[in-house]
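Below is one structure, written out as structure tokens, with a few remarks after it.
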Amino acid sequence: TGSSTDIDGTSSHTFTWEQYDLTTNTNPPSATSPDGPLVRSYRGTTDPTRYIPRLQDVLANPNSPSTTWEVLTLLTRSQNYRLTVRDNDVRGGQTAVDEMTVNVDNNGFRFRVTSQNTSGITWTQGNTETITWDRANTDQAPFNTSNVNILLSTDGGLTFGTVLAANTPNDGTHDIVVPSVSSANCRIMVEAVGNIFFNVNTEPISIGVAVTCNNYDSGTIDLAIADGLGTTSPQNGPPTVHVINVPDDVTIESISIEVNVTHTWVSDLLIQVTHPNGTNDVALWSGNCGNNDNINVIFEDGAGAIACASPTSGNYDPFEPLSEFNGLSSQGDWTILIADFFQGDTGILNSWSMEICSTTPLSVDEVALDNLSVYPNPNNGEFNVSFNPRSGDDIIIEVFDISGRSILSNTYNNTGRFDETITLNKASSGIYLLSISEGQQKVTKKIIVD
């Protein structure tokens, strides 16, 4: 990371980090190159911090973050970097540069976070959780990194703004108290103090919310994709359009879209999905992969760059981020559009589908129901619910597992004081969500089955 000063202020400054090892080099770079650059240049940004590889690539694959054009060396070698600061003041600005040398020692080990690396992790605010990492002898010479910081991201790794532990010993384990945040997409970073290495955990963590995901599938539709009109320059032919109706009205936390297309020379194609509001749209595919044939891809943010093949298959980043849809309602007609821009190749849209995820708070203030009591909790799958109803409406008791699947739904006549024993047959150990509804009042409580 770098910094700059300016008597006129720094709001117009941009920062560009580049590797400055001038030599004849092979392309793409190799992790076993003893010299030459391993890192590509990007346009400067207002952020003075540069992660290598880029943070989105690290998040996509923390245990093997190297990409085609940004590689972590496997050798003991030095690397030289230059930071250029540009003052983009419209009245006329200047530039300044500084250089640093990074000495890499390949000791045969890898610094990495070893906890929170399985899917479906949910934390409760205020609880104690243990973070572990493989220190890879970095507390010893020549690294001599005695301490680390443990950071939390609540936005999927875009920023790590919450400090869980500062300057804690680099001993491979530390207990933290879960902060009062609510997010379904948290990540952990352990970073060196006084050095530049770091790692993140591999899977999202949910804090204070439960995630429910629903799939909406076109089924087999086999719609023809008309040939493009372009010869030397792109000109689209008639677009292929299909609609999936989503009846559920939830606020989108995240979305992934699967597209299955049979088509030769897939770089002819644009694939775009439009939200029911008709305004927000995202290009999933835009001229990717040259003369390769066929697409069977799940597009999801943070999945990593497309690896072209025939067919191109797997989970990859869309051309534009699907986070464009986050925070919007899921309900209505979603439209996919596929257009071919060059002559000579046609194809078929075989099918497409969407997985839309939303969140539910793990707990809600019980003042909505008078004198509510849920006990015992934790329990063995049998517990009591009691409260004083405030209306004559029926009382609905529902229990969901942490993935949002309903495992119990009972309706009771409202005859006064509610006091019932609830039994979850064959419930396995874990966290469940208890929903209690009385008319317009609804409370969601977390229960734990031992």
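Throughout, read-outs are computed from the coordinates displayed, never taken from laboratory work. Keep in mind that this is a model prediction, so the values were computed, not measured. Neighbour counts are summed over all protein chains in view; Cβ atoms, including those assigned to glycine, are modelled from backbone coordinates with ideal geometry.
Table for the structure above
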| quantity | calculated |
| --- | --- |
| Neighbour net charge for residue 298 - beta-carbon separation under 10 angstrom, K R +1, D E -1 | -3 |
| Rg/Rg_globular for region 112-207, with Rg_globular taken as 2.2 N^0.38 Å and Rg from C-alpha atoms | 1.03 |
| Helix-only CD estimate at 222 nm, as mean residue ellipticity for the chain, using -39500 (n - 2.57) per DSSP H run (n ≥ 4) | -500 deg cm²/dmol |
| Scattering curve values for region 363-449, log₁₀ I(q)/I(0), Debye with Cα scatterers, q = 0.14, 0.21 Å⁻¹ | -0.43, -0.99 |
| Kirkwood-based Rg to Rh ratio, region 370-411, C-alpha trace | 1.00 |
| Mean-position separation - Cα centroids, region 386-427 and region 92-162, in angstrom | 44 |
| For region 156-306, the Rg and Dmax computed from alpha carbons only, in angstrom | 21.5, 64 |
| The chain - Rg and Dmax from Cα coordinates, angstrom | 26.6, 84 |
| Label-reachable residues, region 325-348, where backbone N falls under 14 Å from a point 7 Å from residue 279's Cα toward its Cβ | 325-329 |
| Convex hull of Cα atoms in region 21-173, direction-averaged projection (nm²) | 12.1 |
| In region 1-99, the trypsin sites (Lys or Arg not before Pro) that fall in loop regions by DSSP, at most 15 other Cβ within 10 Å | 43, 91 |
| Alpha-carbon radius of gyration plus Dmax, which is the widest Cα pair, for region 216-275 in Å | 14.6, 45 |
| Residues 426, 445 arranged by fewest to most Cβ contacts within 10 Å | 426, 445 |
| Which of 190, 374, 297 has the fewest Cβ neighbours within 10 Å, and the rest in rising order | 374, 297, 190 |
| Cysteines without a disulfide-compatible neighbour (Cβ-Cβ under 4.7 Å), the chain | 186 |
| Counted charge near residue 384, where neighbours are those whose Cβ lies closer than 9 Å (Asp, Glu -1; Lys, Arg +1) | -3 |
| D (Stokes-Einstein, µm²/s), Kirkwood Cα radius, region 409-450, 1.306 mPa s at 10 °C | 130 |
